[in-house]
Amino acid sequence: MPSKDQVLGDFYYKEAKRGGYRSRSALKLKEIAEKHRIFKKGQVVVDLGAAPGGWLQIEREMVGPEGIIIGVDLSQIAPLPFDNVWLIRGDITAPEVMEQVSSLAGGKVDVVVSDLAPKFSGIHDLDHARQIDLSSMALASSSHMLRTGGSMVMKVLMGSEFRQFLSSVERRFGSVKIHKPKASRDSSSEVYLVCTGFRGQSSS
Ligand SMILES: C[S@@+](CC[C@H](N)C(=O)[O-])C[C@H]1O[C@@H](n2cnc3c(N)ncnc32)[C@H](O)[C@@H]1O
């Protein structure tokens, strides 16, 4: 008999396919964005860890043709059929890659999202620590890129370093909510931090 997680995983996989999305993860961002009203038409969005591009599809739906979306990943992302979705293949921990993102954005951005995940070893503590390292890099980058009042959505794996990381996020944003999307498996330690009201670079 399949577990509840397997049944739900299969359901959301089929839902994502039906919607034409590249990843099941797309449904997680859709739920978060609709509930917390993250995106507005015409906004500039930076997506860290964007491959294969499911989140990019949701962002494009939400900001429309007048917005700008910049996706970055270590892996190649197949182009999307929109001229306002720009893709960079690179490592978000490399300063020159993030400089490229900033120069493409041409100024401060409205929203930074991060679904970054390391290559999983299966050892929870190690995977958690690596994911928190990536999220810390994403947070540091967002502090340079975001406009005051901007928003961030970030995946984080729960574990021993979570509380300390959460405190560093809370120092930078007026509101930080923890969201577990329906499409996220119960057995997964992932949660999403929904951060609004960036306080500005001096809060870093
Ligand atoms: C869960 S996937 C993202 C899925 C994506 N949100 C979607 O809906 O299609 C996590 C991604 O993080 C990327 N990643 C991990 N470390 C990275 C790094 N240092 N720089 C850029 N991308 C990285 C991985 O290559 C992987 O594609």
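The values are calculated or read from the model by the stated rules, or taken from the named source; none is laboratory data. Here the structure is a predicted model, which means the values were calculated and not measured. Neighbour counts run over all protein chains shown; Cβ positions are idealised from the backbone, glycine included. To get the accessible areas, we keep the full protein, side chains included, count just its heavy atoms, and leave off ligands, DNA and RNA. Shrake-Rupley method; radii C 1.70, N 1.55, O 1.52, S 1.80 Å.
Observations on the structure shown:
- Only one of the numbered conditions (1) more than 11 Å from the ligand (Cβ to nearest atom); (2) assigned to a strand (DSSP E or B) is violated by V113, and that is (1).
- Residue check for L157: within 15 Å of the ligand (Cβ to nearest atom), of a type in the set (A, V, I, L, M, F, W, C) and open to solvent by 30 Å² or more (accessible area, probe 1.4 Å): no
- Residue list for the range 16-39, filter: in contact (Cβ under 8 Å) with a residue 60 or more places away in the chain, assigned to a helix (DSSP H, G or I) and of a type in the set (D, E, K, R): K28, E31, K35
- Of residues in the range 45-64 being part of a loop (DSSP other than H, G, I, E, B) and either of a type in the set (D, E, K, R) or within 15 Å of the ligand (Cβ to nearest atom) (or both), the one most open to solvent (accessible area, probe 1.4 Å): P52
- Taken as a whole, the condition of being open to solvent by less than 10 Å² (accessible area, probe 1.4 Å), small (G, A, S), within 12 Å of the ligand (Cβ to nearest atom) and at positive phi does not apply to G71.
- When the criteria are applied in full, V7 fails the requirement of being touching a residue at least 60 places away in the same chain (Cβ under 8 Å) and either open to solvent by 60 Å² or more (accessible area, probe 1.4 Å) or more than 16 Å from the ligand (Cβ to nearest atom) (or both).
- The set of residues in the range 179-197 being charged (D, E, K, R) and under 14 Å from the mean Cα position of the chain (by Cα) consists of K180, E190.
- Selected residue [modelled with pLDDT under 95, surrounded by fewer than 16 Cβ atoms within 10 Å (Cβ to Cβ), outside any strand (DSSP E or B) and more than 8 Å from the ligand (Cβ to nearest atom)] from G42, G122: G122
- Check on I77, β-branched (V, I, T) and either surrounded by fewer than 21 Cβ atoms within 10 Å (Cβ to Cβ) or over 21 Å from C195 (Cα atoms) (or both): yes
- Meets criteria (touching a strand residue (DSSP E or B) at 6+ places or on another chain (Cβ under 6 Å), crowded, with 18+ Cβ neighbours inside 10 Å and under 24 Å from A105 (Cβ atoms)) for L146: yes
- Condition check for H128 on (1) touching a helix residue (DSSP H, G or I) at 6+ places or on another chain (Cβ under 6 Å); (2) of a type outside the set (V, I, T); (3) in a helix (DSSP H, G or I): one failure, at (1).
- Subset of the range 20-41 (residues that are over 22 Å from S175 (Cβ atoms) and touching a strand residue (DSSP E or B) at 6+ places or on another chain (Cβ under 9 Å)): S25
- When R24 is tested against (1) within 12 Å of the ligand (Cβ to nearest atom); (2) open to solvent by less than 60 Å² (accessible area, probe 1.4 Å); (3) at pLDDT 95 or above, just one condition goes unmet, and that condition is (3).
- Verdict on G42 being in contact with a Gly (Cβ under 7 Å, 6 or more places away or on another chain), on the phi > 0 side of the Ramachandran plot and not β-branched (V, I, T): yes
- Note on the range 88-106: among residues that are in contact (Cβ under 8 Å) with a residue 24 or more places away in the chain and open to solvent by less than 60 Å² (accessible area, probe 1.4 Å), the one that is nearest to the ligand (Cβ to nearest atom) is I92.
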